[in-house]
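Asker: Have a look at this one before I ask anything.
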Amino acid sequence: RARIDGFGKHITLTVTAKEAGDTEDIVLKFKKNGQKSLIAGEFDAEDEEDQEKVVDSLILAVKLVDEFGIEFDADDYKAYSSDVSLVKTVTLDSGELTIEGPKDDKKRGVAKITVVDLDTAKTASIDVPVVGKPYAIDADYVVSGKAADVTLQFVDNDDAVTRAKDEDVDYELLLPNGVVVSDKKKFDKDSGEATFKATVEEYGEYNLTAVAGNGIAKKFTLVVG
């Protein structure tokens, strides 16, 4: 039961603990909702003291599903890649599979990662795209009245959705007169997406420019009305 001091309201959550049932299936999925691809090429290590180059990696969640539909970590499993030159499996831990992308920044494609539960021989697969580093920005928006919800998305030189690898990337907006911006969010390091809300004084067309911290810029026209 959770209660806020000074208020009479509370909420109660009931949790039932029981032994896992027989395994019915194995599930393989992206651990993070935003990161669903690998960026080809080598990067500087996140640790500034480590001068080595590293490749992009991500973690997949490996779960067993029992007869009651409850998921729990898979322990005894094997993992395979349909193309090890594109994506290779690195570490198999309880409930987590770490995979890495290629060193060659010109590599592109999709590798199918498959896991096999060694106890039941059940399998699951997921497609992992390999994309390039951020090359440009796509802009899209939805208008409601005199306001527009704008989405900016990093894309590679093949127009595939990509992201900045290690950290959120900020950006500046060059705005014409009559436009005010609110709810500005950076380019997310996992999804490569940024958002903001633009509100205009009068209906019409407005030219906006977004300049990201990594030097990539995008000029686009906002049509409101």
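The values are calculated or read from the model by the stated rules, or taken from the named source; none is laboratory data. Please read all numbers here as calculations on a predicted model, not as lab measurements. Cβ sites come from the backbone with ideal geometry, for glycine too, and all protein chains shown count toward neighbours. Heavy atoms of the whole protein, side chains included, go into the accessibility calculation; ligands, DNA and RNA do not. Shrake-Rupley method; radii C 1.70, N 1.55, O 1.52, S 1.80 Å.
Asker: Whole percent per 5 Å bin, from 0 to the bin with the longest distance: what is P(r) over all C-alpha pairs of region 111-169?
Answerer: The calculated distribution, bin by bin, is 4, 15, 14, 13, 12, 12, 11, 8, 6, 3, 1, 1.
Asker: When the Karplus curve 6.51 cos²θ - 1.76 cosθ + 1.60 is applied with θ = phi - 60°, which whole-Hz ³J(HN,Hα) does each residue of region 143-153 get, with x for Gly and Pro?
Answerer: 9, 9, x, 9, 10, 9, 8, 9, 10, 10, 9
Asker: Let me ask another. Calculate, in nm to one decimal, what residue 23 and residue 76 gain on full extension: separation in residues at 0.36 nm each, minus their alpha carbon distance.
Answerer: 17.8 nm
Asker: So if R0 is 22 Å, what FRET efficiency would residue 149 and residue 209 give, r being the distance between their Cβ atoms, rounded to the nearest 0.05?
Answerer: Rounded to the nearest 0.05, the efficiency is 0.75.
Asker: Shifting gears a bit: Compute the signed sum of charges (Lys and Arg +1, Asp and Glu -1) over the other residues within less than 13 Å, Cβ to Cβ, of residue 225.
Answerer: Local net charge: -2.
Asker: Also: In whole angstrom, note down how far apart the Cα centers of region 74-112 and region 157-179 are.
Answerer: 29
Asker: What accessible area per residue comes out for the chain, rounded to a whole number of Å², with a 1.4 Å probe?
Answerer: Per-residue value: 60 Å².
Asker: What is the calculated FRET efficiency for residue 16 to residue 93, with r their C-beta to C-beta distance and R₀ = 30 Å, to the nearest 0.05?
Answerer: Result of the calculation: an efficiency of 0.65.
Asker: What FRET efficiency, computed as 1/(1 + (r/R0)^6) with R0 = 22 Å and r the Cβ-Cβ distance, is obtained for residue 139 and residue 199, rounded to the nearest 0.05?
Answerer: The formula returns an efficiency of 0.85 here.
Asker: In the neighborhood of residue 20, defined by Cβ-to-Cβ distances under 10 Å, what is the net charge if each Lys or Arg adds +1 and each Asp or Glu adds -1? Before the final figure, lay out the partial values.
Answerer: On the way: positive: 18; negative: 19, 22, 66, 67, 71.
Charge balance in the 10 Å sphere: -4.
Asker: On to the next question. Expressed as a fraction of 2.2 N^0.38 Å, the rule-of-thumb size for a compact globular protein of N residues, what is the C-alpha radius of gyration of region 131-225?
Answerer: That works out to 1.06 for region 131-225.
Asker: Here are several values of Cα Rg over 2.2 N^0.38 Å: (1) 1.31; (2) 1.12; (3) 1.24. Which one was derived from the coordinates shown?
Answerer: Structure-derived value, by its label: (1).
Asker: Which semi-axis lengths, in whole Å and largest first, follow from the square roots of five times the eigenvalues of the Cα gyration tensor of region 145-185?
Answerer: Its equivalent ellipsoid spans semi-axes of 25, 13, 10 Å.
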